Amino acid sequence: METIHLHHGSGGKLTRDLIRDLFVAQLSNGNAYCYGDSAIIDMPAGKIAYTTDAFVISPLFFPGGSIGKLAICGTVNDLAVSDALPVLLTASFIIEEGFPLNDLKNIVADMAETARLADVKIVAGDTKVVQKGQCDGLYISMSGIGIAPQDAEDKALGLWLEPGNKIILTGTIGDHGMAILNAREALGLQSELLSDCACLHKMLGGLRHWDFGVHFMRDATRGGVAMVLSELVEGKPYGIKIYEKDIPVRAEVNSMCDLLGFDPLYLANEGKAVLVVRQESAEAVVNYLREDELGKNACIIGEIQEEFPGMVVMDTLIGGHRVVDMPVGDQLPRIC
C-alpha cells in the first residue's frame, strides 16, 4: 500500500509530484497560476466576505461524506450565511507520515466534486507532512472569499433584529453529530442516519431575489442551535422563545440522544442554518426553503420577544419552560 512519506513535505521532487499529480490535477480547474506562491485574481468593486476554518474531524470518512466534502461545505456555508456568494477557496493540508495515499486521493476527489457542484474554485493551497504520531492522519485548513452586498455586515451582526421577528430552521437538527458519534465510537446502533453535510449557498442565496426581510443567518455547527440563539440575544434588551414541539428532529436522532444522554439543540450540524426574518415574511420564507431538497423540513421554531431579555427560553412538550444556555464545553469534540 502506498503511503505518504516525510519527503512528500520536503519541498523537493516528491512534494512537486504530489502537488502536480494529485492536488493540481484534481483541484486546479485548469488555472495557469496554480504553481505560484499566490493566486492572482480579479475581484469586483464593492465588498467581499472572507472566512477561514480548519477541519480536524474524526473519522475522516463518515456516513454522508468525508473530511474533504466537509471542508468545502463548511467554508462555503460560512460565506453563505454572511449573505455572500462564495467564489474562491484555498486549501492547506497537514498530512501524517504513513497516511494511505489512496485515502488521500479519495478525500481530494470528494473536495473536487463538491467544489464543482458548488460552482466554486480552489485557487491556491499548501501541503505539509509531519512525523508519524504528530498528526491524527490528516487536517485540512480552508479559506474562502465571497462577493457580499453592501448591507452584509449589518445582517451578519444581527443589527436589524427586533421583537416579533420569527426564528426559522432550515431542517432537522443533530444529524451530523449523531452520525459522527455512531461511526467514531463503533456503537453498533442500527441506523441509516447520514451526516447532513451540504453546501447551502444556492438555497440561501436565492433569498436575495425576494423581499423576504431576512435579518440574520447562521449555520448551526459546533454548539448547535442552542449556541447560535444564545449568542444572538446575549446582552440584548430582547429574548428568544422557542417551542420544543416545532423543532424538527429525526426519530433516529431522538432515540440516540435519549439513549446516550445528548441534547439535539447542542449537537453540531453541517447542512442546516438558523434564520431570523420579519414576522409577515416567515411563512413565505419557509415555503421557499421547502422547494429545495436541502430545506424540505424547514419550519418556524420561535420568535424574538421582549420577555426574558438576553435569554433563550423553550416551551417544553410537558408544558413547562426551560432556559437554553450556551454550552460550557463540547458535547462531542472533533465533529468538524
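The values are calculated or read from the model by the stated rules, or taken from the named source; none is laboratory data. In this text the structure is predicted, and so the values were computed from the model without any measurement. Every residue, glycine as well, gets a Cβ built from its backbone with ideal geometry; the counts of neighbours run over all protein chains shown.
Structural remarks
- Taking the criterion of being out of contact with any strand residue (DSSP E or B) (no Cβ under 7 Å at 6 or more places or on another chain) and within 29 Å of Leu85 (Cβ to Cβ), the only residue of the range 119-147 that qualifies is Asp119.
- Any hit, the range 52-61, residues being hydroxyl-bearing (Ser, Thr, Tyr), outside the structural domain of Thr170 (by TED's automatic domain parsing), in a strand (DSSP E or B) and out of contact with any Pro (no Cβ under 6 Å at 6 or more places or on another chain): yes
- The range 290-308: number of residues that are assigned to a loop (DSSP other than H, G, I, E, B), at negative phi, more than 19 Å from the chain's Cα centre (by Cα) and surrounded by 13 or more Cβ atoms within 10 Å (Cβ to Cβ): 0
- Number of the condition not met by Ala49 [criteria: (1) touching a Ser or Thr at 6+ places or on another chain (Cβ under 9 Å); (2) modelled with pLDDT under 95; (3) among the hydrophobic types (A, V, I, L, M, F, W, C); (4) part of a loop (DSSP other than H, G, I, E, B)]: (4)
- Complete set of residues in the range 73-92 that are at pLDDT 95 or above and charged (D, E, K, R): Asp78
- Only one of the listed residues (Ala115, Ala109, Ala84) is of a type in the set (Gly, Ala, Ser), in contact with a helix residue (DSSP H, G or I) (Cβ under 7 Å, 6 or more places away or on another chain) and surrounded by fewer than 22 Cβ atoms within 10 Å (Cβ to Cβ). That residue is Ala109.
- Subset tally (residues that are more than 27 Å from Leu117 (Cβ to Cβ) and in a strand (DSSP E or B)) for the range 163-200: 2
- Residue count for the range 159-218 under the criterion of being over 18 Å from Leu259 (Cβ atoms) and among the acidic types (Asp, Glu): the result is 3.
- Members of the range 256-289 found to be assigned to a loop (DSSP other than H, G, I, E, B) and either under 21 Å from the mean Cα position of the chain (by Cα) or closer than 22 Å to Lys241 by Cα (or both), listed by number: Phe262, Asp263, Leu267, Ala268, Asn269, Glu270, Gly271, Lys272, Arg278
- Filter pass, Asp292 being in the same structural domain as Ala179 (by TED's automatic domain parsing), more than 26 Å from Val56 (Cα to Cα), among the acidic types (Asp, Glu) and in contact with a helix residue (DSSP H, G or I) (Cβ under 8 Å, 6 or more places away or on another chain): yes
- The range 230-255, subset of a type in the set (A, V, I, L, M) and in a helix (DSSP H, G or I), residue surrounded by the most Cβ atoms within 10 Å (Cβ to Cβ): Val253
- Among residues that are assigned to a loop (DSSP other than H, G, I, E, B) and charged (D, E, K, R), Asp83 is included.
- Output for the range 201-229, where each listed residue is in a helix (DSSP H, G or I) and either crowded, with 20+ Cβ neighbours inside 10 Å or of a type in the set (A, V, I, L, M) (or both): His201, Met203, Leu204, Leu207, Gly224, Val225, Ala226, Met227, Val228, Leu229
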